[in-house]
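In what follows, a single structure is set out as structure tokens and then discussed.
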Amino acid sequence: MKIAIIGLGLIGGSLARTIKLHTDAAVYGCDLDPATIEQAKLMDAIDGELTDDILRECDMTLVALYPAAIIKWITDHADCFRPDALVIDCGGVKQVICETIEPIAAEKGWHFIGGHPMAGREFSGFRYAKDDLFDRASMILCPRGDADPEVLQKARDFFMDIGFRRVQFTTPKTHDEMIAYTSQLAHIVSSAYVKCPLADKHRGFSAGSFADMTRVARLNEDMWTELFFDNREALLPVLEDLADRVAEYRDALRDNDPDAMRRLLREGREIKEKLSEN
């Protein structure tokens, strides 16, 4: 089996290392940075640099770029995939990608599935790639409604074989709605929280809560800005909803109303306990 990986940053590099660890597949990679390609070769994460000729021989292509770059790269190479090849992107939003690429795949005769590996770190780049980054993680796949069941099974088996805990099939719209809450909103909250003037005085006064709240504030602002605006329709409502709910806690404190605060905290605790049971 030959696999192409486009973009050897944290996600693409970790996919390369993970695939080499768990399978006998030949992995070929490309990246804008020649030094990254050489580093990936030295670490045996890839078997060689990807060329268009090799791409035409690949059974599977994983595209781990920013959303706009994913669309451009796949569109530019639409004639380089074998008719039976499987192309899966790894972008953090799905509607804008799937709506553009699915018609191209249908026209050219190769298979496309929108994908999103639910794993990451607060650091970016190949040097932070790990061969266990996806251990016990969830892989989200957003296929067309009329996708070939054999292709879906192939994709599911592949990701389970390299260490993912589960493969979640859903629609691009549902993906974007859920990710707005579970991922994108968390990054905004962390970024806003760490801007408090007291943050630079935290040493000696902070523990796990501070570390948890600030971890994802160390982000790639170019990538996350693109993700936020690609998913603006889903992200804005959950951000506004959070602002409204935070205001309830503020109002209870401002109005010197401990009963209201106790109720709000109890509601949050009970919801968390229910989530922990699932």
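Would you kindly find the accessible area of E270, with a 1.4 Å probe and non-protein molecules such as ligands, DNA and RNA excluded, rounding to the nearest 10 Å²?
Taking all protein chains as shown, E270 has close to 80 Å².
Please work out how much length the chain gains when fully extended from R127 to Q168, using 0.36 nm per residue of separation minus the C-alpha to C-alpha distance, in nm with one decimal.
Working: separation 41, 0.36 × 41 = 14.76 nm, distance 2.84 nm.
That works out to 11.9 nm of additional length.
What percentage of the solvent-accessible surface of the chain, computed with a 1.4 Å probe over protein heavy atoms, is contributed by carbon and sulfur atoms?
Roughly 52 percent of what the probe reaches on the chain is carbon or sulfur.
Please give the solvent-accessible surface of S276 in Å², to the nearest 10, using a probe radius of 1.4 Å with every protein chain present.
80 Å²
Given (1) 31, 20, 18; (2) 52, 26, 16; (3) 38, 21, 17, which label gives semi-axes √(5λ) of the Cα gyration tensor in Å as computed from the coordinates?
(3)
How long is the gain from E99 to D241 if the chain were fully straight, where each residue apart is worth 0.36 nm and the alpha carbon distance is subtracted?
Difference between extended and current length: 48.4 nm.
For K94, give me every one of the aspartates and glutamates with a C-alpha distance below 14 angstrom, ignoring sequence neighbours fewer than eight places off in its own chain.
Correct list for K94: E102, D176, E177, E226, D230, E233.
Keeping every protein chain present and rolling a 1.4 Å probe, give me the accessible area per residue for the chain in Å².
56 Å²
In nm, give the distance between the simple-model label positions of E277 and E233, each being 7 Å from the Cα along the Cα-to-Cβ direction.
Taking the two extended label points, one gets 3.6 nm.
If you bin every alpha carbon distance in segment 231-278 into 10 Å steps from zero, what whole percent lands in each bin?
24, 36, 32, 7
Spelling out what I want: for every residue of segment 48-57, take phi, set θ = phi - 60°, compute 6.51 cos²θ - 1.76 cosθ + 1.60 (Karplus), and round to whole Hz; glycine and proline get x.
In residue order, the calculated couplings are x, 6, 6, 10, 4, 5, 5, 4, 5, 9 Hz.
The values are calculated or read from the model by the stated rules, or taken from the named source; none is laboratory data. All values reported here derive from a predicted model rather than from experimental measurement. All Cβ positions, even for glycine, are placed from backbone atoms using ideal geometry, and neighbour counts span all protein chains on display. Note: accessible area is taken over every heavy atom of the protein model, side chains too, but ligands, DNA and RNA are not part of it. Shrake-Rupley method; radii C 1.70, N 1.55, O 1.52, S 1.80 Å.
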